[in-house]
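Reading through the structure tokens given below for one structure.
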Amino acid sequence: MIMWFVAVSLLFQGDHCEKCKPLYVGSAVGGGTCRPCREFCRGNSAVCLSRDEHKRALDHPQDHPLDPDSIVQWVSEGPTEDSAVCVSCQNNSVGDKCESCLSGYFLLQGKCDK
């Protein structure tokens, strides 16, 4: 029981553990779960935000920096899967979920290669 509580407290927050912590995606409502942004973004980004938070960060970068250490200072909870956007996709990937490849790259064995 204690291990379950520790695992829950690392991923969830809220009065009823119904919200994900920043840098995690999902919702515990209805038996759902939270997973790290890196997993949601297919290993191509460690940062994900809601669409509204992402727009705020792009409009005011000095007040809303996008590095993982700073995000937890201005983001209060992780986004739901429906509203999540991966930030700064890497490894030649693009898209809201880093699900596509840059022009000239092709998805081969889960990676974008030439």
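The values are calculated or read from the model by the stated rules, or taken from the named source; none is laboratory data. The structure displayed is predicted, hence computed values, not measured ones. Neighbour counts run over all protein chains shown; Cβ positions are idealised from the backbone, glycine included.
If a residue counts only when it is out of contact with any His (no Cβ under 6 Å at 6 or more places or on another chain), of a type in the set (S, T, Y) and closer than 23 Å to C20 by Cα, which helices (runs of 4 or more DSSP H) contained entirely in the stretch 32-114 have at least 1 such residues?
Details: elements: 37-40, 51-59, 68-74.
Per the criteria, 68-74.
Contact list please: Cβ distance under 9 Å, first residue in the stretch 51-75 and at positive phi and at pLDDT 95 or above, second residue in a loop (DSSP other than H, G, I, E, B) and hydrophobic (A, V, I, L, M, F, W, C), pairs at least six apart or on different chains.
That search, which allows pairs on different chains as well, returns nothing.
With the condition kept exactly as written, say whether any residue in the stretch 30-39 is within 18 Å of T80 (Cα to Cα), crowded, with 20+ Cβ neighbours inside 10 Å and at pLDDT 95 or above. Even if it seems obvious, please write down each step before you answer.
Restricting attention to the stretch 30-39, the residues satisfying the condition of being within 18 Å of T80 (Cα to Cα) are 30-39.
Cutting the leftovers down to crowded, with 20+ Cβ neighbours inside 10 Å gives us 34, 37.
Narrowing the set further to residues that are at pLDDT 95 or above leaves 37.
Scanning the stretch 30-39 turns up at least one residue that is within 18 Å of T80 (Cα to Cα), crowded, with 20+ Cβ neighbours inside 10 Å and at pLDDT 95 or above.
Within the stretch 81-90, can you find the residues that are in contact (Cβ under 8 Å) with a residue 40 or more places away in the chain and either crowded, with 16+ Cβ neighbours inside 10 Å or among the acidic types (D, E) (or both)? I'd like the intermediate steps shown before the answer.
To start, the set of residues in the stretch 81-90 that are in contact (Cβ under 8 Å) with a residue 40 or more places away in the chain comprises 81, 84, 86-90.
Hits for the stretch 81-90 are E81, A84, C86, V87, C89.
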